[in-house]
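The values are calculated or read from the model by the stated rules, or taken from the named source; none is laboratory data. Just so it is clear, the structure is predicted and the values come from calculations on it, not from any experiment. For neighbour counting, all protein chains shown are included, and Cβ atoms are generated from backbone atoms with ideal geometry for every residue, glycine included. Heavy atoms of the whole protein, side chains included, go into the accessibility calculation; ligands, DNA and RNA do not. Shrake-Rupley method; radii C 1.70, N 1.55, O 1.52, S 1.80 Å.
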Amino acid sequence: MAAGSHDSHSVVTDLTVCIFPPTVSPLTCGLDPRIWHRIEKDLFLYTSQQSAWLYVALANEENLAPDDMVVMGIKVGGLPPLNLNTGLPWEGRPGGIWVIRSKFCGMIKQAVTELDVLFGVDAVDPRPQWTLMPRWLQLDGRPEVPVPRLSVLQGRVKPRPDARPAFRVRDDGKFKIVQISDTHMVVGSGVCKDAIDAHGKYLPESAADPLTVDFIGRVLDVEKPDLVVLTGDQLHHDIPDSQTSLFKVVAPIIERSIPFTAVFGNHDSEGIHALSRTAQMAILQNLPFSLCGPGPEHVDGIGNFYLQVLAPEPSQRPLSTLYFLDSHGQIPSEIRNPDYDPIKQTQIDWFKEASQALRKAREKDDGFHLSLAFLHIPLPEFRDPRLDIRNGHRGEPSETPSFNSHFYDALVEEGVSALGCGHDHVNDFCALLPPPPPPPPPPQQTQQQDEGDKSHQVWLCYGGGSGFGGYCSYGGKRFHRRARIWELDTSTGTLKTWKRVEYATGRVDELVLVENGAVVNPM
């Protein structure tokens with residue numbers, strides 16, 4: 001993570017690279033730990049007999065005297081940069097790093113305040129005011145290992161306002177969501193092993209992540225959505241730097257100034273070097289246009305939260321609620337392999353309490369209110385033999401938890417219109433599960449108790465795999481990458497969905513899910 005971010009008043013006074021065997025203490029570099037701070041990323045990405053670390057010397061801005069030296073500029077290369085008439089010399093540091101240091105004199109806007117390391121020639125840094133060095137550090141690492149690159153912040157990042165602007169439908173009452181799932185980004189460009197051309201002809205192996213970034217960008221340019229929802233497995237498993245890979249996923253969204261949210265998949269935090277879900281959520285929360293949130297601490301998982309979509313200004317009336325849940329990961333099991341953690345009871349309780357409180361708050365509102373939910377791993381109902389697939393395809397068996405915690409029943413009771421998931425890359429269908437027959441009332445029961453509308457149906461929809469680094473084939477058959485689009489028309493209570501698919505020029509499998517606030521063609 002970035003050095004300096006732990007102290008909003010810190011300034012970089014120097015930096016260096018230390019290389020030593022992994023069994024040797026970093027203190028052998030002779031650096032005072034009270035001043036020097038290590039960026040916890042091995043510059044060799046844990047692939048070498050040696051370890052290499054970037055150390056940054058930090059000082060508190062309030063403690064600097066006018067004559068104290070601070071770093072004002074950084075370059076990377078084999079030769080010292082041109083002086084550009086600054087009158088200050090470039091000082092060499094290990095790894096081809098060149099720095100200009102100057103007396104502080106209160107010039108915080110010009111001073112380097114934070115440093116970070118990202119990896120790969122395809123790395124990007126979407127953070128405001130950060131500059132990713134085009135040249136990489138010269139460390140003689142293995143050629144197949146993604147190269148380390150410095151990212152530099154000069155001055156202070158403008159503080160993000162605490163109160164984010166209200167999330168609203170368009171003036172015509174419509175609201176469009178692009179669901180991107182299973183991008184499976186890695187450090188470096190990765191490998192796509194199962195791409196096909198427009199006619200289904202097998203293509204040779206190619207770099208995966210650039211194809212994924214390009215596909216996401218093309219979908220966003222065509223659809224121009226109001227929100228992007230990332231539904232898990234943004235990252236491949238066992239990657240050595242989660243931050244680098246995460247930045248590549250969100251960069252095309254941020255570049256287009258589109259708000260986005262994300263839920264985690266089973267692979268996002270897998271691996272000994274992967275960042276935890278908590279750490280990844282902290283990164284996501286601080287990015288431009290992010291609406292992500294960690295959720296309540298007492299609820300299992302990271303990223304259980306909801307967003308309300310309001311009517312056009314100046315109204316404060318909520319027209320739609322979007323729920324996001326952490327579906328956890330794989331677990332040891334004697335029942336099924338692979339098997340997954342179910343949605344926990346604390347999550348179900350949180351969802352029902354939030355839904356009921358929100359419904360009570362809008363009791364006096366007229367008109368339609370449509371709710372959607374998003375998670376990564378499909379619920380057990382996705383593999384129910386009674387499931388009626390209305391469009392799209394089941395290209396592989398649904399991998400779901402073996403234990404059913406009945407979150408689907410909670411979705412039914414709370415009147416959620418649709419649930420979108422990922423995980424199974426070559427499934428891209430929308431389906432309905434027939435409601436169970438109502439049980440006969442007990443003889444002594446004279447009045448029907450209100451336990452929610454048991455006849456309501458929830459659309460169960462897969463997003464389909466969007467990433468070229470994840471598999472997109474099953475049983476010897478390859479499929480095109482795709483993304484699911486959701487469009488709400490809050491003025492008519494309508495919900496539509498379709499897909500954007502590689503090489504297809506128009507909408508694919510367009511389907512009306514809800515009309516006048518009710519599920520279309522209920523069984």
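For this structure, a couple of remarks:
- The fraction of accessible area contributed by carbon and sulfur in segment 358-433 is 48 percent, rounded to a whole number (1.4 Å probe; ligands and nucleic acids excluded).
- Cα coordinate range in segment 294-410, projected on the principal axes (Å, largest first): 54, 37, 20
- Dipole in debye (nearest 20) - segment 9-164, about Cα centre, beta carbon charges: Lys, Arg +1; Asp, Glu -1: 340 debye
- Top positive-direction residue, dipole computed over segment 82-202 with Cβ charges, set Val124, Ile108, Gln154: Ile108
- In a DSSP loop and with at most 10 other Cβ atoms within 10 Å, there are no chymotrypsin sites (Phe, Trp or Tyr not before Pro) in segment 213-277.
- Note on exposure: Ser371, Ser48 ranked by accessible area (1.4 Å probe, complete protein assembly) read Ser48, Ser371, with the most exposed listed first.
- Relative to the current alpha-carbon distance between Ile389 and Val512, full extension at 0.36 nm per residue lengthens the span by 42.9 nm.
- Segment 261-288 and segment 81-127 have their alpha-carbon centroids 29 Å apart.
- Of the trypsin sites (Lys or Arg not before Pro) in segment 70-163, those whose Cβ has at most 14 other Cβ within 10 Å and which sit in DSSP loop: Lys109, Arg135
- One chain, two ends: Tyr202 and His9. Fully extended at 0.36 nm per residue, the span grows by 64.0 nm beyond their Cα-Cα distance.
- Accessible area per residue was computed with a 1.4 Å probe on protein heavy atoms; Ser51 scores about 10 Å².
- Set of aspartates and glutamates with alpha-carbon distance to Lys201 below 16 Å, sequence-local pairs under 8 removed: Glu502
- Annotation: Trp90 carries an accessible surface of approximately 50 Å², with a 1.4 Å probe and no ligand, DNA or RNA atoms counted.
- Ordering Phe167, Ala207, Val186 by Cα displacement along the dipole of segment 146-227 toward the positive end leaves Phe167 in first place; charges were set at the Cβ atoms of Lys, Arg (+1) and Asp, Glu (-1).
- Residues Ser315, Ser290, ordered by accessible area of protein heavy atoms at a 1.4 angstrom probe radius and largest first, appear as Ser315, Ser290.
- Here the chain is treated with +1 on each Lys and Arg Cβ and -1 on each Asp and Glu Cβ, and its dipole about the Cα centre works out to around 1120 debye.
- Cβ-Cβ FRET estimate between Arg170 and Thr131, R0 fixed at 35 Å, reported to 0.05: 0.50
- The trypsin sites (Lys or Arg not before Pro) of segment 171-224 meeting both criteria, a DSSP state outside H, G, I, E and B (loop) and at most 14 other C-beta atoms within 10 angstrom of the site's C-beta, are Lys201.
- Potential extension, Gln138-Ser455 segment - 0.36 nm per residue separation minus Cα distance: 107.6 nm
- Taking every DSSP helix (H) stretch of at least 4 residues in the chain, weighting each as -39,500 (n - 2.57) and dividing the sum by the residue count yields a mean residue ellipticity at 222 nm of -4000 deg cm²/dmol.
- Rolling a 1.4 Å probe over the protein heavy atoms leaves His184 with an accessible area of roughly 10 Å².
- Among beta bridges that DSSP assigns inside segment 194-340, antiparallel share in %, nearest 5: 65 percent
- Placing +1 on the Cβ of every Lys and Arg and -1 on the Cβ of every Asp and Glu, with nothing else charged, gives segment 61-119 a dipole about its Cα centre of roughly 300 debye.
- Ligands, DNA and RNA are left out, and with a 1.4 angstrom probe the accessible area of the chain is 45 Å² per residue.
- Translational diffusion coefficient (Stokes-Einstein; Kirkwood radius from C-alpha pairs) of the chain at 4 °C, 1.567 mPa s, in µm²/s: 52 µm²/s
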